[in-house]
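Undergrad: Quick one: the structure is below, and I'll ask about it shortly.
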Amino acid sequence: MTTHREPLDSVLETIGETPLVRVHDTPDEVPVYTKLESFNPGASIKDRIGKYMLEGMLEQGDVEPGGTIIEPTAGNTGIGIAVAAGQLNLNAVFVVPERFSVEKQTLMRALGADVVNTPSEDGMSRAIDRAQELAEELDNAAVPQQFSNPLNAEAHYEMTAPEIYDALDDQVGALVAGVGTAGTLMGMARYGREQHADTHVVAVEPEGSLYGTLLGEEREEDEYKTEGIGTHDTSTNQLFEPELVDYVHAVPDRDSHAEVQRLAAEEGHLVASSAGANAIAAKRVAERIRDGEIDAPYDSVVTVFPDSSERYLSKGIYESFDAWEG
Ligand code: PMP
């Protein structure tokens, strides 16, 4: 990020310390702030866990220098891991369901990684199994497994959350974030609840996703276009801790898509669909705090914009809702 004023030795040192920026079109009384995670060198929030998980795994001896990291990933994590692997003397192989954006797969290959595709209809669980099979076939290979690796959430507990709390002098009322692996939200929520036990925590998923069922909320499973968040099978996730979450907000694709276009046109943010969903949910939380429906310790809401819309131009993110492939 641009706040570094001295020459740096490696791109890994530019990860984190992203800007925290006010989101407008929100209640004046309860400001909403967002971390702009596309400022990371691989242009997403997942650079944080790429660096943190690989350094942690080398330290723990899960893999030795010269070894191979294999990860089932929808894309951004692959880029984050590939950036780190290249600088930490590790090879990287990614197992990606076909439906995810080609831009991400192209970038992973450019960073020196290999990409293995699995059929879209088999979902993320097949990609996870395939990654395990590949790891067993190779010597000195390890699977970080972002859906169950505590280092994923820890990266956000150690980095993302303290950056937010420092910037706001610890005055954070609510934390709102989309859940894919849930690493981002769990790391931030654990840190936030330690600062203030009543910190309001909201998970965000697309309508059609099933995370809400973990809090006993009604859900009807359906396809969704929003990329990077949500699940069709909660059992593939071992990081989501329901006791750290007050509410799971299901945002319709149509609303997230409209918000992505509004954020660009009105606020200059080139961000993608999960950011649109986060902005919608964060705004709602701010309104509920203002109206006294949520009793938060401070009148402020923080969310994240995980990545950039440039990664989804080929999918028509700035076209009409029907033309958007998600
Ligand atoms: N948005 C995007 C674009 C992502 O790639 C991801 C990661 N899958 C998320 C949001 C959700 O982050 P997390 O996995 O930490 O829940």
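FYI, it's all coordinate maths here, none of it is from the lab. Values in this document were obtained by computation on a predicted structure and should not be read as measured data. Glycine gets a Cβ as well: all are built from the backbone with ideal geometry, and neighbour counts include every protein chain shown.
Undergrad: Set the Förster distance to 30 Å, then compute FRET efficiency between residue 234 and residue 140 from the Cβ-Cβ distance, nearest 0.05.
TA: Numbers: r = 33 Å, r/R0 = 1.09.
Efficiency for this residue pair is about 0.40.
Undergrad: Let a ≥ b ≥ c be the square roots of the eigenvalues of the Cα gyration tensor of the range 188-326; is it rounded (a/c under 1.5), or, if not, prolate (a/b larger than b/c) or oblate? Walk me through the numbers on the way to the answer.
TA: Details: a/c = 1.99, a/b = 1.34, b/c = 1.48.
Oblate, because a/c is 1.5 or more while a/b does not exceed b/c.
Undergrad: If each of residue 171 and residue 310 carries a label point 7 Å out from its Cα toward its Cβ, how far apart are those two points in nm?
TA: 3.5 nm
Undergrad: Something else now. Please give me the summed charge of the neighbours of residue 39: other residues whose Cβ is under 12 Å from its Cβ, Lys and Arg +1, Asp and Glu -1.
TA: On the way: positive: 35, 48; negative: 17, 37, 47, 163, 307.
Combined, the nearby Lys, Arg, Asp and Glu give -3.
Undergrad: When the helices in the chain are scored as -39500 (n - 2.57) per DSSP H run of 4 or longer and the sum is shared across all residues, what 222 nm value do you end up with, to the nearest 500 deg cm²/dmol?
TA: Value at 222 nm, helices only: -10500 deg cm²/dmol.
Undergrad: Choose one answer from 271, 102, 304: the residue with the largest mean-square fluctuation in a GNM of the chain with alpha-carbon springs under 10 Å.
TA: Result: 102 has the largest fluctuation of those listed.
Undergrad: A further question follows. Efficiency by 1/(1 + (r/R0)^6): what FRET value for residue 194 and residue 126, r their Cβ-Cβ distance, R0 = 35 Å, to the nearest 0.05?
TA: About 0.40, to the nearest 0.05.
Undergrad: Next question, about the same structure. How high is the FRET efficiency between residue 218 and residue 11 when r is their beta carbon distance and R₀ equals 51 Å, given to the nearest 0.05?
TA: Details: r = 45 Å, r/R0 = 0.88.
That gives a FRET efficiency of 0.70.
Undergrad: Okay, next question. Need one word for the range 1-138: rounded, prolate or oblate. Basis is the Cα gyration tensor (sqrt eigenvalues a ≥ b ≥ c); a/c below 1.5 gives rounded, then a/b vs b/c decides.
TA: Values: a/c = 2.34, a/b = 1.41, b/c = 1.67.
Since a/c reaches 1.5 but b/c is at least a/b, the shape of the range 1-138 is classed as oblate.
Undergrad: Taking 0.36 nm per residue of separation and subtracting the Cα-Cα distance, what length does fully extending residue 106 through residue 299 add? Don't skip to the end; give the middle numbers.
TA: Numbers: separation 193, 0.36 × 193 = 69.48 nm, distance 4.22 nm.
Full extension from residue 106 to residue 299 adds 65.3 nm.
Undergrad: Now a separate question. In the range 264-279, which residues have a backbone nitrogen under 11 Å from the label point lying 7 Å from residue 323's Cα in the Cα-to-Cβ direction?
TA: Taking a point 7 Å out along Cα→Cβ of residue 323, no residue of the range 264-279 has its backbone N under 11 Å.
Undergrad: Of 104/283; 35/315; 283/315; 104/225; 104/315, which sit over 21 Å apart, Cα to Cα? Could the numbers behind the result be given before it?
TA: Details: 104/283 29 Å; 35/315 24 Å; 283/315 26 Å; 104/225 16 Å; 104/315 12 Å.
Where the Cα-Cα span goes over 21 Å, the pairs concerned are 104/283; 35/315; 283/315.
Undergrad: So which GluC sites (Glu not before Pro) in the range 169-270 end up in coil per DSSP with only 11 or fewer other C-beta atoms within 10 Å?
TA: Numbers: sites: 194, 207, 217, 218, 220, 221, 223, 227, 243, 259, 266, 267; in loops: 217, 218, 220, 221, 223, 227.
Qualifying residues, ordered by number: 218, 220, 223.
Undergrad: For the range 125-182 and the range 265-280, what is the centre-to-centre distance using only Cα atoms, to the nearest Å?
TA: When both Cα centres are located, 22 Å separates them.
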